[in-house]
Amino acid sequence: MTAERALRTAAPHELLDVVRRVLAQEYAATSVELLLADYGLTVLQPVSSLPATAAPVPVHSSPVGRAFGAQEPLVEGAPGGSVRVHLPVTVRGDRLGVLCVTLPNGEDVPGLLGELADIAEVLGHEVVVAERDTDVYLRARRKDRLTLAAEMQWQLLPGRSCARPEYELGAQLEPAYAIFGDNFDWSATADHLMLYVTNGMGEGIEASLLTNLAINALRNARRAGLAIDDQAALADQAVYAHYQGRCYLSVLMFDFDLATGRAKVVDAGSPQLLRLRDGVVEPVTFEAQLPLGMFEETDYVVQEFQAEPGDRLVFVSDGVHAVASPQGEAYGDAALARAIMSTRLLPAAEVPRAILRELTGHRGQSVPQDDALVVCLDWHGR
């Protein structure tokens, strides 16, 4: 309670200083660090004052990274009999980073883990709120400079993961620091989850502007309470009115009923969907309709889909499905199915990054020529 009161009254840029002070006073902590996951989900970056000189920590080969991946507190020994406790900082399933606390006496740690985990959770919520008023935490998330197009795209996203009793979501974009037009969006109510996966057109600022227009048109229609076919129609009109058919955007839209798993679907273009059910991976196809903004006043038709408890749904953009190897072989359904099977034991939040790592091996080069987007939805049902 002391930590929560202190954090809620702290200046946005002073959250880490406040946590350090409270943990030193209440738990005799000798060191406290906050590390945030970078945009590429490859390293955890320490939050520090500019010029930042602290070294990042790899996600995949460090105790801090293990705590981040497992989403469980991890305790390791430190010099002089002290211990370091690594606590995931997560907000409603969105994995932000890790709070690392060094305590002088390891014997007391088991009884304190619950309280320390609560403090890390409160800190995560305050970081999300503070990002409206300070760039301290957004700067800490980048190990390289973002292009302007990437900056616009990341600011458009709802998060990279989300969890509720009925489902778990995870998503990732590549190249993280130079993305163009691919995008995802989601919104949940008490009874519904709406999920959009978009495949952008063009490069750089023009691609980002097109995606921003389309996503905000969809959100505007959704927040007016319209059904997804009407959302698609209004976004189609907005894009066509501005570009007159010169540019358009592919989108796959789902409206899930959380109680039943039934979904209304609008397939307006090229994003692909594969389903893992009972150990079998298979593509799910819908009647393809025109992309948003290709022609004036397009009518969109809703289709039906049923999700069953235990289903894993993986959505990918063309930058994954159609990417070619050095020999010219497309990645395709077969390679995607293998990747989905090989990652079947990972939580939904880690699947997109794992699939994109496998895609890098197929592509034969670290920097893709097109955006690559993966969204993973694990359906639990009620």
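The values are calculated or read from the model by the stated rules, or taken from the named source; none is laboratory data. If you're wondering where the values come from, they're calculated on a predicted model, not measured in any experiment. Here the Cβ positions follow ideal geometry from the backbone for every residue, glycine too, while neighbour counts run over all protein chains shown. Calculation scope for accessible area: heavy atoms of the full protein, side chains included, ligands and nucleic acids excluded. Shrake-Rupley method; radii C 1.70, N 1.55, O 1.52, S 1.80 Å.
Tabulated values for the structure
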read-out: Checking Leu252 against (1) surrounded by fewer than 22 Cβ atoms within 10 Å (Cβ to Cβ); (2) part of a strand (DSSP E or B), the condition it does not meet; value: (1)
read-out: Residues satisfying the stated conditions in segment 261-306, i.e. open to solvent by less than 60 Å² (accessible area, probe 1.4 Å), farther than 23 Å from Ala339 by Cα and not in a strand (DSSP E or B); value: Gly261, Gly269, Gln289, Pro291, Gly293, Met294, Thr298, Tyr300, Val302
read-out: Test: residue in segment 108-116 that is under 15 Å from Leu44 (Cβ atoms), among the aliphatic types (A, V, I, L, M) and assigned to a helix (DSSP H, G or I); value: no
read-out: Of all residues in segment 307-347 being at pLDDT 95 or above and under 23 Å from Gly181 (Cα atoms), the one that is surrounded by the most Cβ atoms within 10 Å (Cβ to Cβ); value: Val314
read-out: In segment 163-184, the residues that are in contact with a strand residue (DSSP E or B) (Cβ under 7 Å, 6 or more places away or on another chain) and surrounded by fewer than 20 Cβ atoms within 10 Å (Cβ to Cβ); value: Arg164
read-out: Pairs with Cβ under 7 Å, 6+ apart, first in segment 332-358 and without any contact (Cβ under 8 Å) to a residue 12 or more places away in the chain, second part of a helix (DSSP H, G or I); value: Gly332/His321; Leu346/Ala354
read-out: Pair list, Cβ under 9 Å, 6 or more apart: segment 220-231 residue within 18 Å of Gly269 (Cβ to Cβ) and open to solvent by 40 Å² or more (accessible area, probe 1.4 Å), other residue of a type in the set (A, V, I, L, M, F, W, C) and part of a helix (DSSP H, G or I); value: Asp230/Ala221
read-out: Residues that are open to solvent by less than 20 Å² (accessible area, probe 1.4 Å) and hydrophobic (A, V, I, L, M, F, W, C), drawn from segment 31-70; value: Val32, Leu34, Leu35, Leu36, Ala37, Leu44, Val47, Val59, Val64, Ala67, Phe68
read-out: Answer from Phe305, Phe286, Phe315, Phe295 - the residue that is in contact with a Gly (Cβ under 8 Å, 6 or more places away or on another chain) and of a type in the set (Phe, Trp, Tyr); value: Phe295
read-out: Residue match in segment 221-241 (condition: acidic (Asp, Glu) and in a loop (DSSP other than H, G, I, E, B)); value: no
